[in-house]
Each structure stands twice: as C-alpha cells, then as structure tokens.
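The values are calculated or read from the model by the stated rules, or taken from the named source; none is laboratory data. What you see is a predicted model; the values in this text were computed from it and never measured. FYI the Cβ positions are ideal-geometry reconstructions off the backbone, even for glycines, and counts take in every protein chain you see. Heads up: the accessible areas ignore ligands, DNA and RNA and are worked out on the full protein's heavy atoms, side chains in. Shrake-Rupley method; radii C 1.70, N 1.55, O 1.52, S 1.80 Å.
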Amino acid sequence: MVAPPHAPHPLLTVDDLVVSFDGPLGTYRALNGVSFSVGAGETLAILGESGSGKSVTVRAVMALLPRHSATIERGTIRYDGEELSALPVRRTRELSATEMAMVFQDSLTALNPVVRVGQQIAELFRVRQRTSRREAWRRAVAGLERVGIPNAARRAHDYPHQFSGGMRQRVVIAMALALRPRLLIADEPTTALDVTVQAQIMDLLRELREADGMAMILITHDLGVVADVADRVAVMYAGTVVESGPLRTVYDAPAHPYTRGLMASVPAPDRPGERLTPIEGMPPSPLATPAGCPFHPRCPVARADCRTDRPALRVVAAGHEAACHYAEEVMAGVDVRGAA
Amino acid sequence: MSTSEARLEVRQLRVSYPARGGLLRRAAEVHAVERLSLTVTTGRTLGLVGESGCGKSTLARAIVGLRRPTGGEIWYAGERVDDADAARRRRLTTQIQMVYQDPYSSLNPRKKVSFIVTEGWRVHRGQVPRDQWTDRTAELLARVGLAAELADRYPHQLSGGQRQRVGIARALAMSPRILVCDEPVSALDVSVQAQTLNLLADLRADLGLGYLFIAHDLSVVRHISDDLAVMYLGRIVETGPAATVYGAPAHPYTRALISAAPVPRPWAAPPAERILLTGEVPSPASPPSGCRFRTRCGLAQPRCAEVEPELRPVAGREVACHYAESSLAGGGPPVTAVTR
Ligand SMILES: Nc1ncnc2c1ncn2[C@@H]1O[C@H](COP(=O)(O)OP(=O)(O)OP(=O)(O)O)[C@@H](O)[C@H]1O
Ligand SMILES: Nc1ncnc2c1ncn2[C@@H]1O[C@H](COP(=O)(O)OP(=O)(O)OP(=O)(O)O)[C@@H](O)[C@H]1O
Ligand code: SF4
Ligand code: SF4
Ligand SMILES: [Mg+2]
Ligand SMILES: [Mg+2]
C-alpha cells in the first residue's frame, strides 16, 4: 500500500491539547500538549508507552472524558474545519455519532447484553436517520453481512453472549460503521483476540477503508499490526507526541530516542530466547513529570540542556516530526544504547 | 530453594460449564477443556496458544484450583492435586501460582502493594512468620525490580508494568515452583513487555521456575518458550519443541495461526503466504463430529468427519491430524491462500 503524501487537507487536527484529572492525589496532567493530524482516508497509528495518554487523547476527541474529573485546560480539536472544543458537548456528541465512530478493546461493554444485536444496530438508523423499523432492520442485517458475519439475517436475532469474542468484535465494528463514519477510532480493537481473528478484522478494516475512503486512528501495542495497516505513525510518551511520520520512516529511521528504544525492544524472530533490550528505567509518574525533556532521565543520549529545555515537536524531514533537541543525530544513528 | 526437577502433569483433563439457555435440557454441559494432557517441567517454559475462547484460561484456572475439573487428573511432583484433601491441596497449590493478564483489574484497588504481596501469607498461615513479613516483602519487591518505597502505594499509583510486577511478586511470595501466566504481557507496551519477559527469564534461571505461558502474540511465545502447545476448541492439536512446531507447523490450524501472525517489519521479511481461516469457530457446546477443526480445514476429507484424530508423533512433535504428513509437506488442497 502506498502511503498518501502528507495529507493536504487534514480531517482531524489536534493541537497542543492539555488534559488534567482531579484525582485523590491532587490534579495532574495526563496530556501535556498533544498535537497530531489525520488526513481524509488516511490511517494513523498511535504507539506509545502504557499510560502515556493514548486513550485519553481519543476520548477527548470523542467528548467521552469523565465530566466530573477531567478538564481540557488548553488546546484545540478541529474536525473538518470545525473546532470541536468550542462547540457544546452535545454537538460534538452528535458529530461523533454520525461522522466519527469508536471501537474499544472490550467489545462486551459496548453492547447491551439484553438487546438483540440486530436491534442495537437498527436503533442507530431509527434515531439518527429516522428510517422505518423495517428499513432499519434491513440495514442492520446488511451491516452485519458487510463485516462478514455468516447467516447475518438469522444471527441478527441473537444476543451478544451468543457470539464468540471475534464475532462480537465484528458486531461492534458493524455498529461503529453503520452510519458510514468518515473517521473510525479503534483503541486496541484486537488486543484480546488471537492472531487469525485479528488478521480477519484488520483485513476487514482495510477493505472498508479502501471502499469508503474512511480515515482511521488505530491505537495498539503491536508493531506488526501497525506495520500492516498504518500510513503514518505517532508515538506518545508522558502525555505528548514525541514523534510522528510515515510508517517506514518512523520504523527504519526513528528520530526520537524513545522510538528507537521501542523498536529495539521487540523480540527478534530469528533469535528466540536472546536477552531483550528494553528502555532502561521507569516511565515518569504523571504527578512528577521531569523538567526539560520528559524522556531525559531514561535517554541514553541526553545532554545538559535536555534537563532544562523542553524540546518542541518540530519538522526534521518532510512529513516527519520529532520532539528532541538532537533528532538529527538520532536519525543518523549516533550512539544510542540498546538500538539495533 | 530446592532446585530438583518437579513436574506438573495434566492428564486427560476435562473442565465443563453449565450450558446457557438450556432450561429444558437440564444438566447440559459445555466442555471448555476436553481430554487435554500436558506437562510443565520446572526450569522450562511451555507456551500455550490458540483461538480466542478455545479454553486456555479455563485450563489455567483448573490447574491453580480455581475451577474444579469434571474429569481427568492433575499431578504435581508425584502427588495427585485435584482430588487431594483440603490441607494437602493447600500445601500443593502454594507451589503452583498464577499471574493474570490484566494488571489493572487483578489487584485490589483499595489495598496497598504491601498488603497485596502478603495476601497469601494471611491465607496460608505459617508460610512466613509475621515478624519477617516486612523484610520478605522488601526482598520480593527488589526481586521483581520495584523500589522498596512502592510498598506503600495503591495500584492506581503504579504504571502498567509496575502493576504487572506486583502481580508477579504476589505469586512469588508463595515460593512456587510453577507459574501459570495467563497473557501476562498482552496489555503492555513493547518496552515494558521486554522488561517483564527479561524478569521472567531471570526468575526461571535463578529459581528454576517452570512456566505455562499463555499468549496471543506469537513472537512473544516464540521468544520465551522451550516447548509449544497449540489448542483448538478445548483440545491440543499440536505440541513439541518450540523451534520444531514454529519452524515447520504440521497441523493445518497451526499453519494458519503462524501464517497470520503480523511481523514488525514486513518489508524486511520475505513475502509470506497468509492462510485465511473462513467460517465461524464452532461452539464448544456442539463441537463438530470427528476432527474439531474440520469445518474450517482446507484439507478435510470424509474420514475427518467420522474419526477424531488423536495426538500422534510426526516429525519430532505430536499432531492430532489424520493428514499431518501431507499438511507438513504443504500439500493437499490449500486452505484459502492469499499472498500479501
Ligand atoms: N478517568 C481517569 N481518571 C484519572 N486518571 C486517568 C483517567 N483515565 C486515565 N487516567 C490517567 O491518565 C494517564 C493516561 O492514561 P491513558 O489511559 O490515556 O493511557 P494509555 O496510553 O491509553 O495506556 P495503555 O497503553 O496502558 O492503555 C494515566 O496516567 C492514567 O492513569
Ligand atoms: N464462567 C463461564 N461460564 C460459562 N462459559 C464459560 C465461562 N468461562 C468461559 N466460558 C466458555 O468456555 C470457553 C473457553 O473460555 P476461556 O476463557 O477458557 O477461553 P480462552 O482460550 O482463555 O480465550 P481468550 O483467548 O479469549 O482469553 C468459551 O467458549 C467461553 O465462552
Ligand atoms: S531532547 Fe535530549 S533527553 Fe530528550 S530525547 Fe532528545 S536527546 Fe534525549
Ligand atoms: S484431521 Fe482432517 S479436518 Fe482435521 S486437521 Fe487434519 S485434515 Fe483437517
Ligand atoms: Mg489505553
Ligand atoms: Mg483467556
């Protein structure tokens, strides 16, 4: 698949997003200036550390952050030219119901256990497109067929628990795709599934994307899945995007030491049992993000100014951005411990 | 710590759940694990892979005594575990501990790390004298690479990787010889995953632990396993040395599974053929007659519907397939194959 050039007209642009939570330990920032964009028809994968803010970012886009404890302190979220953060939550929810859709890791929680799956999808057409009951049901069955549920007309009458994990995830995807969204956000859609089901679901998403020109944001820890479907990759660390660029560039010539460390952590298929080389040290606590570059306590190439000056995300090559003072040296492969 | 070899043997194990919706058919049962045998030896790792819902977690729960088997036997170090009287069983089960998939939900959110780690000592009185708890806890935390001050934290104050280490420390507190690890790294980013895998490898080398390691990510399983077992619909369909099974899978299901695994850098690997499985996973409530895989197998012959294949030695491993030899040779009518 040829990656489209850096999309001229971004569908979604997130700029300098700062989100904080009021917790039992006080207020802390989960997002500390997140910026990225997704073009129409493009697939962006978000990689990054557990706890770096990937889910919080996409929940902010979908207006799904808990209202009592989360605050958007700063930043803009722009969808197709409209600024979502300026709109009332209700309008964002409406947009997110028709134009954007989201698939979560745990499909069980996304479905109502006591409503037949066909009914759950039909409801969307009834409410959002005011179709007749009969037409809504017909479209629901067609939607189930589209995601490859065998005997969809019959299975539409079944309840969620009567489906296997993989089939249930397909139902959730059918639901997300029902209103033909222009942007699909998938937060670890296949983490709980075995590789054969995962491959089916990723193939399905790819087909739908090609057929409908749908854009996608995919969050996953699996570098193989990312390599399989993404056009571009954004890498998050400690509440910020530290690197973004075309898939192969980020994989083969990363410009941020954190990304290099991630790539070097993957077990080599031809050397089973060999000691792995993780990034040393621990991720920072969100309560005490280090001054300067947030990665400096763990960075093998940190210098004095990294402790005091916070690097901004900047262009290091066409379509390739990184937040590191020494990105050019990192790209050139200068001494990075643990790198391949 | 004793380092003499000990074996955990599962023989012809059956684990059942009451079938749902069977109001009239009383006592109907789903055999989630069916006549399954395997051996875990201290100092070695047996990797267990298989389709979502094929019974891996059910098997794990039965082994650690959380679910009563409905048939077969479980032996540890020459003693039968599953029908032992309560006292003997308790003594034996401390030696077999479990590490859970989800570091978020498997720890009690209201208890501090120090309480979570010592939980087993409260249940099994006399395991560790009360006055040694503080010292032993510090030792355990150091053993899994956690700073001593983390003992006073609650789970939500820890990162995903730290929580997973707490889960491992809790299991180690009982001085087990065997760890049953149910997807211990699935929710972690690749760097934290690498740290955790290195830790497990160290513990195996230093304490002579034996692992039953369940995972969906084949590159992880391959990395840590000496032996591999592949499960489909409650039964083992192929098992043997990891390099043999992974290098040249013989069962058609194993072939499909391995071919579907995403690789981190597909552009750097030779083009691979991906075997797509079609059809839905049959329900364990009504498995197909004969070979359980036949409804999705491209090599199926009339005989496959009549006679259930049992595990038999083929080319250095054991396979449950009538046509394993031709499958191994890549022969027979191909399963729907596509080149990616
Ligand atoms: N509802 C919430 N209340 C308080 N803190 C939260 C909430 N949701 C997330 N956080 C915190 O925000 C930070 C970012 O969490 P987020 O779930 O976005 O991480 P993630 O990158 O998706 O990680 P993972 O890969 O483990 O899913 C974490 O420190 C997390 O503890
Ligand atoms: N408590 C339960 N009651 C009834 N059926 C159950 C229960 N737990 C599991 N099952 C069924 O038993 C079968 C095996 O489930 P199990 O959780 O062992 O699968 P698994 O191999 O661990 O799957 P995964 O890879 O998705 O974790 C499934 O068909 C499941 O629906
Ligand atoms: S700015 Fe400095 S500390 Fe941060 S990633 Fe770059 S070299 Fe490392
Ligand atoms: S026994 Fe028959 S159906 Fe089963 S795996 Fe072998 S060839 Fe396929
Ligand atoms: Mg998340
Ligand atoms: Mg499981």
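Could you tell me whether the stretch B:205-340 comes out rounded, prolate or oblate from its Cα gyration tensor? Rule is a ≥ b ≥ c as square roots of the eigenvalues, rounded for a/c under 1.5, then prolate if a/b exceeds b/c, otherwise oblate. Don't jump to the answer; show the numbers that get you there.
Details: a/c = 1.70, a/b = 1.23, b/c = 1.39.
Because a/c hits 1.5 or more and a/b fails to exceed b/c, the stretch B:205-340 counts as oblate.
Report, in degrees rounded to the nearest 10, the 0 to 90 angle that the Cα long axis of helix B:133-143 makes with the longest principal axis of chain B.
40
Could you work out the relative contact order of chain B, using alpha carbon pairs under 8 angstrom and six or more residues apart, expressed as a whole percent? Intermediate results must be reported in sequence, preceding the final value.
Numbers: 641 pairs, mean separation 65.4, N = 340.
That works out to 19 percent.
Let me check something: with ligands and nucleic acids excluded, how do B:85, A:194, A:228 order by accessible area (1.4 Å probe), largest to smallest?
Values: B:85 90, A:194 0, A:228 35 Å².
Largest to smallest exposure gives the sequence B:85, A:228, A:194.
Applying a 10 Å radius around every beta-carbon, put A:122-128, B:93-99 in order of their mean neighbour count, most first.
Numbers: A:122-128: 17.9, B:93-99: 21.1.
My ranking of the peptides, most packed first, is B:93-99, A:122-128.
Provide the per-residue ³J(HN,Hα) series for the stretch B:90-102, in order, calculated from phi with Karplus coefficients 6.51, -1.76, 1.60 and θ = phi - 60°, each as a whole number of Hz, with x at glycine and proline positions.
Couplings: 4, 5, 5, 6, 5, 7, 10, 10, 10, 10, 8, 5, 9 Hz.
Is the C-alpha gyration tensor of the stretch A:84-145 telling us rounded, prolate or oblate? Criteria: a/c under 1.5 is rounded; beyond that, a/b larger than b/c is prolate, otherwise oblate. All intermediate terms of the calculation are to be shown ahead of the outcome.
Working: a/c = 2.39, a/b = 1.39, b/c = 1.72.
Since a/c reaches 1.5 but b/c is at least a/b, the shape of the stretch A:84-145 is classed as oblate.
Which residues in the stretch B:246-271 have a backbone N closer than 17 Å to a point placed 7 Å from the Cα of residue A:270 along the Cα-to-Cβ line?
B:247-248, B:263-271
Using a 1.4 angstrom probe and counting only protein chains, how large is the accessible area of residue A:177 in Å², to 10?
10
At a probe size of 1.4 Å, how large is the accessible area of residue B:14, to the nearest 10 Å²?
80
Net charge near residue B:181: determine it from the other residues with C-beta under 12 Å of the C-beta of residue B:181, scoring Lys and Arg +1 and Asp and Glu -1. Before the final figure, lay out each step's value.
On the way: positive: B:56, B:204; negative: B:182, B:183.
Once all neighbours under 12 Å are counted, the net charge is 0.
Pick from A:132, A:52, A:265: which residue has the top mean-square fluctuation in a GNM of chain A where Cα pairs under 10 Å get a spring?
For chain A, modelled as a Gaussian network with Cα springs under 10 Å, the answer is A:132.
Angle, helix A:89-98 long axis vs. longest principal axis of chain A, Cα atoms, 0 to 90°, nearest 10?
Roughly 70 degrees between the two axes.
For residue A:74, what residues show an amide H to amide H distance below 5 Å, using hydrogens built from the backbone and excluding near sequence neighbours?
Close amide H contacts, sequence-distant or interchain: A:18.
Which whole number of Å³ per residue matches the convex hull of the alpha-carbon atoms in the stretch B:13-103? Could you put the intermediate results ahead of the total?
Numbers: hull volume 12.6 nm³, N = 91.
Each residue corresponds to 138 Å³ of Cα convex hull volume.
Give the Rg (one decimal place) followed by the Dmax (whole number) of chain B, computed from C-alpha coordinates and expressed in Å.
Final numbers for Rg and Dmax: 21.2, 67 Å.
Which ³J(HN,Hα) values, rounded to whole Hz and listed in residue order, are derived for the stretch B:153-158 from phi using the Karplus coefficients 6.51, -1.76 and 1.60 in 6.51 cos²θ - 1.76 cosθ + 1.60 with θ = phi - 60°, glycine and proline given as x?
In residue order, the calculated couplings are 8, 8, x, 5, 8, 10 Hz.
Compute the projected area of the convex hull of the Cα atoms of the protein assembly as shown, averaged over all viewing directions, and report it in nm² to one decimal place.
Average projection, Cα convex hull of the protein assembly as shown: 31.0 nm².
Post the alpha-carbon centroid distance, the stretch A:191-250 to the stretch B:58-91, in whole angstrom.
Taking the Cα centre of the stretch B:58-91 as reference, the centre of the stretch A:191-250 is 42 Å away.
Helix-derived [θ] at 222 nm for chain A: sum -39500 (n - 2.57) over DSSP H runs of at least 4, divide by residue count, nearest 500? Please report the intermediate quantities before stating the final value.
Values: 12 runs with 111 residues, N = 340.
Computed ellipticity for chain A at 222 nm equals -9500 deg cm²/dmol.
Give me the number: length gained by fully extending residue B:248 to residue B:86, i.e. 0.36 nm times residue separation minus the C-alpha to C-alpha distance, one decimal in nm.
On the way: separation 162, 0.36 × 162 = 58.32 nm, distance 4.44 nm.
That works out to 53.9 nm of additional length.
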